[in-house]
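The structure appears below as structure tokens.
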Amino acid sequence: MTTLERVASVAGRLSAMTLLFLTPLLMPILCSAQEPPYFVTYSDYMEEPGNLDFTLKSLNGTPQYGNSFVSQTLELEYGVKGWWTTEVYLAGQHTSNDSTIFTGWRWENRFRPLPGEHFINPVFYVEYENVSFADKSLLEITGHDSASDLLLTNAQGRSKVERSLETKLILSSKAGGWDLSENFIAEKDLNESDPWEFGYALGVSRPLAMAARGKACVVCPENFAAGAELYGGLGTTDGFGLRATSHYLGPTIQLRIPRGPNITFSPNFGLNANSVGVLYRFDVSYEVQQIFHPRRAK
Amino acid sequence: MSWPRRCCGIVLGLAMTCAAAETSWIQKVPEADRVRANPYAKQAEDIAAGSRLFANYCAQCHGSDAKGRGKRPSLRSAGVQQATDGDIFWLLKNGNRRRGMPSWSSLPEPSRWQIVSYVKSLGTSSKAQPVHEPQEKPR
């Protein structure tokens, strides 16, 4: 095979992969999901059965004495059943004055045991993680995670891979348009004899308008939701509590473009010396409806 | 038993099963929810708002004409159209997860009532309902 043929072959594969990836995004069956505007906190929201949600999560931060970084995570969320949602995450990051690397993957499942709505709606969460120490997606904070973890060079961080099991108890309530969600996180490194690590996340949010307008619009209050998130570590089984843990608090705002993407932004402020000063989080998500259903909505 | 009788029996059995499945959620609706009044009923602007919400959240499964898709039921069926506004509102809030109907409790209550208004405005007509747009006031 000549060099030209090789280049053509690689270009053809890349085009096919790009087309495969972009086709669902270009189909006129997109819609905005009803997910609350949280980055770390989970609510009782489950993906509608048959729908596939693509989310690109970006995180930017500059730890003290370290280089600024941008983490990108692609999240693919699929509604298997009304009571079961499964997700895959692919994460990577770029650190200034260092390199750009793939940091690992996660596979999570959420189960909602109780049918119907209750004052508190519980959801069980189980996740397997295979991520290197260079991962900077900060999808949760557990144990004694701190800003100093982000000072490793990419070469140092990628040499060690953590395979861990993460569980969450998600509790969610709704009243008067408000969503209040609480997560209790327990994580165990499966390779090491490390203790269980704990964490928490709290989120509260509300749409800016309760009723929709008769006329189609994009920048109108019913398409916005706003709220706040608080999350951090709770130590380990060897030392449960707030000592030597990091915590973040921040407002969050989301625009749900009708039959288009959801766009969410939040600055998260570090609450103590173990935290990064400010983390900027930005999400864009598309929901592809009834992706494996033979007849699509018109 | 002859084949035509067996076929009739099977069809009748399936129809009864489907009818039972369609009405099963209604039997779960508490009386207090069943009789709730829709504050957004029969108001053109709210029906129009409901149709936009329907297109965004419901048409994916029930079809843009609300006639159902595959196993997803028609919302123009007599079972749905004869249900009270409170019944449908209860279903939107609680869902029927075992049958694939998600809960829409994340949508604010007024928005859910607007969807109910739109669904009830469809009637049992098999013709596609145009999207309701409120009339422009003459200048």
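Among the residues of the range A:194-206, is there at least one that is at the interface with another protein chain (Cβ under 10 Å from one of its Cβ atoms), in contact with a strand residue (DSSP E or B) (Cβ under 7 Å, 6 or more places away or on another chain) and surrounded by 22 or more Cβ atoms within 10 Å (Cβ to Cβ)?
Yes; the residues of the range A:194-206 include at least one that is at the interface with another protein chain (Cβ under 10 Å from one of its Cβ atoms), in contact with a strand residue (DSSP E or B) (Cβ under 7 Å, 6 or more places away or on another chain) and surrounded by 22 or more Cβ atoms within 10 Å (Cβ to Cβ).
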Testing A:LEU279 on (1) touching a residue at least 40 places away in the same chain (Cβ under 8 Å); (2) not hydroxyl-bearing (Ser, Thr, Tyr); (3) not in a strand (DSSP E or B), one condition comes back false. Which one is that? (3)
Say we look at the range B:77-103 and pick out the residues that are crowded, with 22+ Cβ neighbours inside 10 Å and not in a helix (DSSP H, G or I); which of these is farthest from the other protein chains (Cβ to nearest Cβ)? B:ALA83
Step by step: first the residues of the range A:139-167, then only those that are part of a helix (DSSP H, G or I), among the polar types (S, T, N, Q) and surrounded by fewer than 20 Cβ atoms within 10 Å (Cβ to Cβ), then the one that is nearest to the chain's Cα centre (by Cα). Which residue is that? A:SER148
Out of A:LEU255, A:LEU242, A:LEU234, sole residue that is outside any loop (DSSP other than H, G, I, E, B) and farther than 24 Å from A:GLN72 by Cβ: A:LEU234
For the range A:171-190, give me each residue that is of a type outside the set (S, T, N, Q) and within 14 Å of chain B (Cβ to nearest Cβ). A:LYS174, A:ALA175, A:GLY176, A:GLY177, A:TRP178, A:ASP179, A:LEU180
Keeping to the range B:40-64, report how many residues are in contact with a helix residue (DSSP H, G or I) (Cβ under 9 Å, 6 or more places away or on another chain) and assigned to a loop (DSSP other than H, G, I, E, B). 5
Sole residue being farther than 15 Å from A:TYR42 by Cβ and in contact with a Pro (Cβ under 6 Å, 6 or more places away or on another chain), chosen from A:LEU114, A:LEU165, A:LEU150, A:LEU190: A:LEU150
Return the residues of the range A:168-184 that are outside any loop (DSSP other than H, G, I, E, B) and either touching a Lys or Arg at 6+ places or on another chain (Cβ under 8 Å) or hydroxyl-bearing (Ser, Thr, Tyr) (or both); say none if nothing qualifies. A:ILE170, A:SER172, A:SER173, A:TRP178, A:ASP179, A:LEU180, A:SER181, A:ASN183, A:PHE184
Can you name the condition, by its number, that A:ASN109 falls short on among (1) more than 14 Å from chain B (Cβ to nearest Cβ); (2) closer than 23 Å to A:SER43 by Cβ; (3) in contact with a Lys or Arg (Cβ under 8 Å, 6 or more places away or on another chain)? (3)
Unmet requirement for A:VAL284, which otherwise passes all of (1) of a type in the set (A, V, I, L, M); (2) away from chain B (no Cβ under 14 Å); (3) in contact (Cβ under 8 Å) with a residue 12 or more places away in the chain; (4) part of a loop (DSSP other than H, G, I, E, B): (4)
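Bear in mind that the values in this text are calculations on the coordinates, not laboratory data. These numbers come from a predicted model, not from an experiment. With ideal geometry, Cβ positions are generated from the backbone for all residues, glycine too; neighbour counts draw on all protein chains shown.
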